[in-house]
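Here is the structure we will look at, set down as structure tokens.
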Amino acid sequence: MSVLSVDNLIYGYSKGTPFETGALRGVSLDFEQGEIVALIGHTGSGKSTLLQHLNGLLKADSGKVLLEGVDIHSSKEALRKCRFNVGLCFQYPEQQLFESTVYKDIAFGPKNMGLSEEEIKSRVYSAISYVGLSEEYLQKSPFDLSGGEKRRVAIAGVIAMEPKVLILDEPTAGLDPMGKNALLKLIKDYNHSTGSTVIFVSHNMDDVASVADRVVVMNKGQVAISGTVEQVYSKGEFLAELGLDVPEITNIFLELKKNGFDLGETAYTVENAKNAILRFLGKGEEI
């Protein structure tokens, strides 16, 4: 059974006005335990709206969100359980940092779970270490930190609750290459060490290729295509029609295939491309 699923979600903004917009139009998806899923799509495709439904910040006009088979809106208890088990990090960390110190910010979620002070402290120290910040940060104001540090603290505040599903909205936006790579590594390490499901939104197709197990492409409030990175990125022309660009290395492999050089797979990372070329050359063929 899926850890989290959505069944025929329909949701609109500005309902009953001339500006009514259908943000979600019958979205159905399953998220399996332990997988990393990337949501991609052009601006306004419904990605962020969908994320806010997954932990109950928004409630659909119709359809259901199920956490381990239970409708999250079926009772106050079910919604409360969802809030602690489906952790959402917003694109802008300032939207969820509000306490006077980093310690208090990270401790906020565990405290609301009713945990003991000893357990709260343990989770705070574990979370700050997990996101690669020293304990010295705990007594600092979160508003004195850099953008990348704020993002790490915001993520620490979510993982301190030890959610079964971690949701990240544009986690690498605005970060320099070093900060971006460090955060992508954090996502992979967190997924591998905890077995938690990770769902993230990104506009960076290279980031998606390097981290995701599965890609869901949104368009006009619907799921346009879903599959492995290779399955989705092989639809380069279709993605281009939706205003999305596959990594340049993928375009190169697609062009090679059109010109008679089928390297056996669609490459989407440099390492992936190198291995495909070596296998191709190992057969005694020449490019």
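Every read-out reported here was derived from the displayed coordinates using simple, explicitly stated rules and does not represent laboratory data. No experiment lies behind these values; they were computed from the predicted model shown. All Cβ positions, even for glycine, are placed from backbone atoms using ideal geometry, and neighbour counts span all protein chains on display.
Summing charges over neighbours of Ser48, with a neighbour being any other residue whose Cβ is under 15 Å away from its Cβ, gives 0 when K and R count +1 and D and E count -1.
Taking every DSSP beta bridge that has both ends in the chain, the antiparallel portion is near 55%.
Scanning residues 5 or more positions from Tyr268 or on other chains, those with amide H under 5 Å from its amide H are Ala273, with H placed 1.01 Å from N in the peptide plane.
From most to least packed by mean Cβ count within 10 Å, the peptides 178-184, 275-281 give 178-184, 275-281.
Net charge near Asp7, counting Lys/Arg +1 and Asp/Glu -1 over other residues with Cβ under 11 Å of its Cβ? Taking every other residue near Asp7 into account, the sum is -1.
Look at (1) 67, 51, 40; (2) 61, 42, 35; (3) 66, 50, 36: the one that is Cα extents along the principal axes in Å derived from this structure is (3).
For the range 139-285, pairs of C-alpha atoms spaced more than 25 angstrom apart make up 40 percent of the total. Over the chain, dividing the summed -39,500 (n - 2.57) contributions of all DSSP H runs of at least 4 residues by the number of residues returns a 222 nm mean residue ellipticity of -12000 deg cm²/dmol.
GNM on the chain, alpha-carbon springs under 10 angstrom: the most fluctuating residue among Asp61, Asp105, Asp169 is Asp61.
Restriction of the GluC sites (Glu not before Pro) in the range 186-287 to DSSP coil positions whose beta-carbon has at most 16 other beta-carbons within 10 angstrom yields Glu265, Glu285, Glu286. Where in the range 189-217 does the amide nitrogen come within less than 17 Å of the point 7 Å from the Cα of Val270, taken along Cα to Cβ? Output list for this probe position: 205-211. Remark: spin-label model distance Arg80-Ser122 equals 2.2 nm, labels positioned 7 Å along the Cα→Cβ axis. For the range 37-112, chymotrypsin sites (Phe, Trp or Tyr not before Pro) are listed when DSSP marks them as loop and at most 11 other Cβ atoms sit within 10 Å of their Cβ; the list is Phe98.
Taking a straight line from the alpha carbon of Lys274, these aspartates and glutamates sit under 13 Å away, with near neighbours fewer than eight places off in the same chain left out: Glu265.
Of the trypsin sites (Lys or Arg not before Pro) found in the range 1-71, the ones in coil according to DSSP and having at most 16 other Cβ atoms within 10 Å of their Cβ are Lys15, Lys59.
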